[in-house]
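Visitor: One structure follows; several queries about it will come next.
Read the figures in this text as sums done on the coordinates, not as results from a lab. Computed from a predicted structure; not experimentally measured. Note that we place each Cβ from the backbone using ideal geometry, even for glycine, and neighbour counts take in every protein chain shown.
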Amino acid sequence: MIVAREIRMEGVVQGVGFRPFVFRLAQEYGIKGWVLNSSEGVTIWAEAGDEVVDAFYKAILDHPPKLAMI
């Protein structure tokens, strides 16, 4: 089943290559959506199968860019 989730990441996520990292990871997982900076951090919209979105989210948390602090 295809799901759509909004994911908000807070902390040191701007100016550290976080958006390009998320973009590349989304391509690897076949996820459609977008990623943008917001006043609170980074907002991600992810559309794919439920398990794929879960794995994508886990990959973001487990392997963020070196300078990012989520």
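Visitor: From the alpha carbon gyration tensor of the chain, can you work out the equivalent ellipsoid semi-axes (sqrt of 5 times each eigenvalue) and give them in Å, largest to smallest?
Guide: 19, 12, 10
Visitor: Calculate, for residue 55 and residue 16, the FRET efficiency according to 1/(1 + (r/R0)^6) with r their C-beta to C-beta distance and R0 22 Å; round to the nearest 0.05.
Guide: After rounding to 0.05, the efficiency reads 0.45.
Visitor: Which angle between 0 and 90 degrees, to the nearest 10, do you get for helix 18-29 versus the longest principal axis of the chain when only C-alpha atoms count?
Guide: The answer is roughly 20 degrees.
Visitor: Putting +1 on Lys and Arg Cβ atoms and -1 on Asp and Glu Cβ atoms, find which of 38, 3, 16 reaches farthest to the positive end of the dipole of the chain.
Guide: 16
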